[in-house]
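The structure under discussion appears below in the form of structure tokens.
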Amino acid sequence: MRLVDQIADAWRLTLDQRCSLLGGINPSTYTRRAKNPDVVRLSVDELTRASYLTGIYRALHTIYPDPVADDWMLIANRNPLFAGVTPYTHAARGGIIALADIRTLLDGYRGGR
């Protein structure tokens, strides 16, 4: 939970955006978990999402300089995967599958494909 919160801080996500990326959890649940990250037990769904978010974050910081990497999720993107919306919007609408698609796309960029 601590790493997810650090990534969300770097991306400057609102509380609602953070909750959305973790599967639509309640904002009070997110806040409570963020205050006590050492005692948090995430569901399999939340762990999967956290894993994708971590992979996306790391890939972005491999591909782009820090300021661009941290802004990328909230910048409209013309890649056909995003159809002009931000990667965050794509992920919020598409859930785990969209997070997986974003991670695959970035891993492809990182690998030079």
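The values are calculated or read from the model by the stated rules, or taken from the named source; none is laboratory data. The model shown is predicted, which means the values in this text are computed figures rather than measured ones. A quick note on method: Cβ atoms are made from the backbone with ideal geometry, for glycine too, and the neighbour counts reach across all protein chains shown.
Observations
- Number of the exception - Val85 against (1) within 13 Å of Ile102 (Cβ to Cβ); (2) of a type in the set (A, V, I, L, M); (3) assigned to a loop (DSSP other than H, G, I, E, B); (4) in contact with an Asp or Glu (Cβ under 9 Å, 6 or more places away or on another chain): (4)
- Within the option set Thr29, Thr86, being more than 11 Å from the chain's Cα centre (by Cα), of a type in the set (Ser, Thr, Tyr) and modelled with pLDDT under 95 holds for one residue only, Thr29.
- Residue within the stretch 51-66 that is among the charged types (D, E, K, R), modelled with pLDDT of 95 or more, buried (at least 17 other Cβ atoms within 10 Å of the Cβ) and at negative phi present: no
- For the criterion of being among the aromatic types (Phe, Trp, Tyr), within 19 Å of Gly24 (Cβ to Cβ) and either in contact with a Pro (Cβ under 8 Å, 6 or more places away or on another chain) or in contact (Cβ under 8 Å) with a residue 24 or more places away in the chain (or both), Tyr88 passes.
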